[in-house]
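Okay, structure first, notes after.
The values are calculated or read from the model by the stated rules, or taken from the named source; none is laboratory data. Just so we're clear, the structure is a prediction, and the values are computed from it rather than from any experiment. All Cβ positions, even for glycine, are placed from backbone atoms using ideal geometry, and neighbour counts span all protein chains on display.
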Amino acid sequence: MRLHGKRALITGGSDGIGLAIAEAFVREGAGVLIVGRDAGKLETARDTLTGEAKGGDTVETLSADLAASAGIDAVAAHISQSGRPLDVLVNNAGVAYFVPFEAVSEEEFQQSFALNVTAAFFLTQRLLPHLGGSASVINISSYFANKMIPKRPSSLYSLSKGAMNSLTKSLAFELGPHGIRVNAIAPGTVDTAMRRKSIVTLPQQAQDDLTAYVERSYPLGRIGRPSDIAGMAVYLASDEAAWTSGAIFAVDGGYTAG
Ligand SMILES: NC(=O)c1ccc[n+]([C@@H]2O[C@H](COP(=O)([O-])OP(=O)(O)OC[C@H]3O[C@@H](n4cnc5c(N)ncnc54)[C@H](OP(=O)(O)O)[C@@H]3O)[C@@H](O)[C@H]2O)c1
């Protein structure tokens with residue numbers, strides 16, 4: 001097992017990409033703590049993960065809103081009280097607003113940054129004393145940091161993921177001397193609740209056009225499944241990636257190659 005004995009915290013681990021990463025980590029022998037807001041979703045995820053866990057590995061859940069500093073405090077207190085170091089931190093929880101630039105409200109801007117940027121920044125900072133000497137921080141970014149989709153207004157989302165990429169590279173430099181590796185995964189479009197929620201409000205024609213465009217654009221002929229992202233996360237969490245830091249890994253069916 002590639003993650004035997006490691007302890008990982010996955011934000012947004014109750015659904016979508018975060019849950020798929022948690023499942024893969026547990027299969028590879030890690031103990032996981034998943035964080036999300038909805039206690040019911042966390043319970044369902046815990047049942048799924050406990051079914052995957054090999055004997056002795058722990059599956060913990062914690063309900064916290066990471067877009068608020070109280071939520072970050074709660075996670076930091078939980079880790080501190082447990083008295084056990086953390087080997088892997090996955091900053092995955094995120095929100096996507098696809099709003100035309102001229103219509104983005106200050107509230108949407110603040111909410112987007114609170115979760116996509118501030119939470120990743122301060123959660124990592126607060127957990128630093130608990131990250132073991134060869135810990136791995138994995139940030140879940142997006143292709144939208146660098147590549148856009150026609151008629152898909154992404155200024156706010158792209159800005160937040162661009163910030164996450166900069167954070168990844170700068171932290172790799174700052175934390176490298178402490179033995180901590182920091183990398184990001186930039187997924188392509190993945191079929192999750194977030195993706196479905198972001199298109200359901202579009203007129204039917206726009207949904208059809210977007211779906212056709214996306215399918216046409218992927219060299220591998222389909223959008224992603226949450227499990228498509230998990231393999232890269234396992235690699236980055238494992239000792240196989242001992243000399244890998246400061247990189248943004250595209251896992252996107254080839255989309256950004258074009
Ligand atoms: N899906 C895509 O096409 C795609 C593509 C590229 C990048 N990404 C990125 O991948 C990451 C995961 O996306 P996803 O599609 O898997 O999303 P998802 O299916 O909507 O899952 C989001 C997870 O984050 C949790 N969450 C949301 N807001 C939170 C908050 N304020 N505090 C704590 N937890 C919160 C959710 O649980 P609760 O709702 O219960 O809090 C859930 O567990 C995001 O950073 C996203 O930007 C997604």
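Of everything in the stretch 1-15 that is within 15 Å of the ligand (Cβ to nearest atom) and part of a loop (DSSP other than H, G, I, E, B), the residue that is farthest from LEU86 (Cα to Cα) is ASP15. Provide a single number: the residues in the stretch 69-87 that are more than 16 Å from the ligand (Cβ to nearest atom) and either surrounded by fewer than 19 Cβ atoms within 10 Å (Cβ to Cβ) or farther than 22 Å from PHE121 by Cα (or both). Number of matching residues: 6.
For THR244, the conditions (1) more than 23 Å from GLY258 (Cα to Cα); (2) part of a helix (DSSP H, G or I) all hold with the exception of (2). Criterion applied to ALA145, ALA114, ALA120, ALA74 was being under 26 Å from ALA206 (Cα atoms) and of a type in the set (A, V, I, L, M, F, W, C), and the one residue passing it is ALA145.
A search for C-beta distances below 7 Å between a residue of the stretch 75-91 that is more than 29 Å from ALA186 (Cα to Cα) and any residue that is among the basic types (Lys, Arg) and at pLDDT 95 or above, counting only pairs 6+ apart in sequence or on different chains, returns ARG84/ARG7. The condition of being closer than 24 Å to PHE144 by Cα, surrounded by 19 or more Cβ atoms within 10 Å (Cβ to Cβ), within 15 Å of the ligand (Cβ to nearest atom) and not basic (Lys, Arg) holds for LEU66.
Kindly state which helices (runs of 4 or more DSSP H) lie completely within the stretch 101-207 and contain at least 2 residues that are at pLDDT below 95 and within 15 Å of the ligand (Cβ to nearest atom). Quick ask: steps written out before the conclusion?
Numbers: elements: 106-113, 120-127, 155-175, 193-200.
In the stretch 101-207, the matching helices (runs of 4 or more DSSP H) lie at 193-200.
If the condition is being over 18 Å from ALA237 (Cα atoms) and β-branched (Val, Ile, Thr), then the stretch 136-179 contributes only ILE149.
Among the numbered conditions (1) within 15 Å of the ligand (Cβ to nearest atom); (2) over 24 Å from PHE101 (Cβ atoms); (3) touching a residue at least 12 places away in the same chain (Cβ under 8 Å), the only one that GLU215 does not meet is (3).
When residues of the stretch 53-75 are filtered for being at pLDDT 95 or above and assigned to a loop (DSSP other than H, G, I, E, B), how many remain?
Initial filter on the stretch 53-75 (at pLDDT 95 or above): 59-75.
From the residues that got through so far, the ones that are assigned to a loop (DSSP other than H, G, I, E, B) too are 64-68.
Residues flagged as at pLDDT 95 or above and assigned to a loop (DSSP other than H, G, I, E, B) within the stretch 53-75 amount to 5.
I'm trying to understand the selection: among the residues of the stretch 16-63, which are near the ligand (Cβ under 10 Å from one of its atoms) and among the β-branched types (Val, Ile, Thr)? Steps first, please.
Going residue by residue through the stretch 16-63, those that are near the ligand (Cβ under 10 Å from one of its atoms) are 16-22, 34-42, 45, 62-63.
Across the stretch 16-63, the qualifying residues are ILE17, ILE21, ILE34, VAL35.
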